[in-house]
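Input: a single structure, listed below in structure tokens.
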Amino acid sequence: MKSVRILGIETSCDETAVAVVLGEQRGSRLTLVAETNLVSTQIPTHRKHGGVVPEVAAREHATRLPLLLKRLAGTPAKRRALEESIDAIAVTTGPGLVTCLATGTEVARTIASAWRKPLVPIHHLEGHIYANLLSRHTNAPAFLFPVLVLVVSGAHTELVLMKRHLNYQLLGSTRDDAVGEAFDKSAKLLGLPYPGGPELSKLALSGKRDAVAFPRAMLKHDNFDFSFAGLKTAVALEVERHRTSPADVAASFEQAAVDTLIEKTVRAVARYAPKTVALAGGVAANLPLRQALRETIPDRFPNVSVLEPDLQFTTDNAAMIAAAGAVRVLTKKVRSRIVVTPRPELR
Ligand code: KG4
Ligand code: ZN
């Protein structure tokens, strides 16, 4: 059995986060346990501005990250124990807000050089994907390859096929807005506070899902691409007309978004015959989407299992970054091929 302990750091957007993950490999069996998972959310700060202001976020990371590290290893004894127990430091190097990423990568680089530990650059989406395998149980979830991942975040909407660990084939992506962006923009049109996705979903609970026939874009196209800009515009027009209640607009929007994601995922399963379908990214917290995936896939493809990250690991956190780091260290693939680096020395 091989085991590694990884310190993870995430500062790509509006959550400052540190975590420690223990990764164990027995044969092909991989266990990823989040031993510590600290997240300091900047949502209340950005709510005043109706969205993330990059300069404000960067300043917040610079104050919050040292505080989180202090909570993790604030005394000399705790610091020594952490230094001795970890094998590497994994940090998000992109994609994200460049000024924000810089704080995390600078701090990670400093710790790595002071403690003489390897630095593992992690692509933020790879972190979201490996959040699926994080658990606190011995009965850990596993990827049975090929794995089809539906990546749904604030900045990305993608269908990705993995034939093995850390191997990604992009099947399709959004041509305009990401689905999380559509949730956030539609929520803003409905007068809901930032971040709009969860607020819109809450409002949708009391609405009728078939009140408005919103467009399901790209379904006539025989590909795995998405488009959500038209849906957002349709919401804007509906809100302007004032003839439907905000709850009905929210519920109908959510249904249209979920239907589109599920339909393209079903088509990708039919074409690529994966053994596992996994959900990744902030919008993976959306309950109607989780439920639709859980119901539709096993119903149409009885041999395909569905994985969803535990809710605490869906939005940005450092445990997912440390988890991806653990897989990279365990499989000796420390140079991430899909990484987007803000600083050349991390390449
Ligand atoms: O993963 P994430 O932090 O973004 C990127 O990495 O780009 O995800 C944030 C996105 C936001 O758009 C947020 O509104 C959305 O995830 N989100 C949700 C829910 N929770 C978070 N969208 C719909 N329903 C939710 N429950
Ligand atoms: Zn994210």
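When the trypsin sites (Lys or Arg not before Pro) in segment 27-58 are filtered for DSSP coil states and for at most 14 other beta-carbon atoms within 10 Å of their beta-carbon, the remaining sites are Lys48. Computed over segment 1-158, the quotient of the alpha carbon radius of gyration and 2.2 N^0.38 Å is 1.08.
Seen from Val147, the other residues with C-beta closer than 10 Å to its C-beta sum to a net charge of +3, counting Lys and Arg as +1 and Asp and Glu as -1.
For the chain, the relative contact order comes to 25 percent (Cα pairs under 8 Å, sequence separation of at least 6). Across q = 0.13, 0.19, 0.21 Å⁻¹, segment 148-203 modelled as identical point scatterers on its alpha-carbon atoms has Debye log10 I(q)/I(0) values of -0.41, -0.67, -0.74, in the order of the q list. Percentage of Cα-Cα pair distances in segment 99-170 greater than 16 Å, rounded to whole percent? Across segment 99-170, Cα pairs with separations above 16 Å total 62 percent. Taken over the chain, the convex hull of the Cα atoms encloses 131 Å³ per residue.
Net charge of the neighbourhood of Ala73, taken over other residues with C-beta under 15 Å away and scored Lys/Arg +1, Asp/Glu -1, is +4.
Computed over every Cα-Cα pair of segment 95-238 and binned at 5 Å starting from 0, the pair-distance distribution P(r) comes out as 2, 8, 12, 15, 16, 16, 14, 9, 5, 2, 1, 0 percent.
Here the sum of -39500 (n - 2.57) over DSSP H runs of 4 or more residues, divided by the residues of the chain, equals -13500 deg cm²/dmol at 222 nm, to the nearest 500.
Each Lys or Arg adds one and each Asp or Glu subtracts one; over the other residues with Cβ under 11 Å from the Cβ of Asn132, this totals -2.
Between amide H atoms placed 1.01 Å from N, distances below 5 Å from Gly281 occur with Val152, all of them 5 or more places distant or on a separate chain. Taking other Cβ atoms within 10 Å as a rough exposure proxy, Cys100, Cys13 sort from fewest to most as Cys13, Cys100.
A short reminder: the numbers here are calculations on the coordinates, not readings from a lab. Computed from a predicted model, the values in this text were never measured in an experiment. Methodologically, a virtual Cβ is constructed for each residue, glycine included, from the backbone with ideal geometry; neighbour enumeration extends over all protein chains shown.
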